[in-house]
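Scroll down for the structure; my scribbles are underneath it.
Read-outs throughout are calculated quantities, based only on the coordinates presented, and are distinct from any laboratory measurement. Model, not experiment: these values are computed from the prediction. Glycine also receives a Cβ, built like all others from the backbone with ideal geometry; neighbour counts cover every protein chain displayed.
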Amino acid sequence: MNEHLEELRKRLLISSIAVLVGTVLGFAFHKPIISALLEPAQGYIGAPDGKLVFTEMTEMLGTVMKVSLLSGLVMALPMVAYQAARFVAPGLTTRERRYLYLLPLGVMIAF
């Protein structure tokens, strides 16, 4: 039982580090990400000049942090899926493991 918990801890740590690295990268590139997300709103009446409107003092920081975290999660999702697959792999049969090897390919195609 202890080995199982150690394996889980290892997989969670690697996944957390991947999310953290993705979040840092998302924070470094938050301006282009936000402008790419705002691009479909260009020209609509509700979007003044395609710029965001902040009504509270910390709303801009909160928006930047949310965009950074979500982009970090999206960037890290293939690694998180891989770590989850490696965690459950020892409990699967040989036939089920064959399908598991297709998971990283499917995740990469999806993203």
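Listing for the model above:
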{"item": "Of G43, L25, M57, farthest towards positive along the dipole that unit charges on Lys, Arg, Asp, Glu beta carbons give segment 7-111", "result": "L25"}
{"item": "Kirkwood Rh in Å, taken over the chain so that all alpha-carbon pairs contribute", "result": "16.7 Å"}
{"item": "Estimated 222 nm signal from helices in the chain, with DSSP H stretches of n ≥ 4 weighted -39500 (n - 2.57), rounded to 500", "result": "-24500 deg cm²/dmol"}
{"item": "Where labels lie 7 Å past Cα in the beta-carbon direction, separation of L73 and K51 in nm", "result": "3.0 nm"}
{"item": "Normalised convex hull volume, segment 51-111, alpha-carbon set, Å³ per residue", "result": "94 Å³"}
{"item": "Within a Gaussian network of the chain (alpha carbon springs, distance under 10 Å), most fluctuating of S16, S35, S68", "result": "S35"}
{"item": "Most to least packed among 19-25, 94-100, 61-67 [average Cβ atoms within 10 Å]", "result": "19-25, 61-67, 94-100"}
{"item": "Relative contact order %, the chain, counting alpha carbon pairs below 8 Å whose residues are six or more apart", "result": "37 percent"}
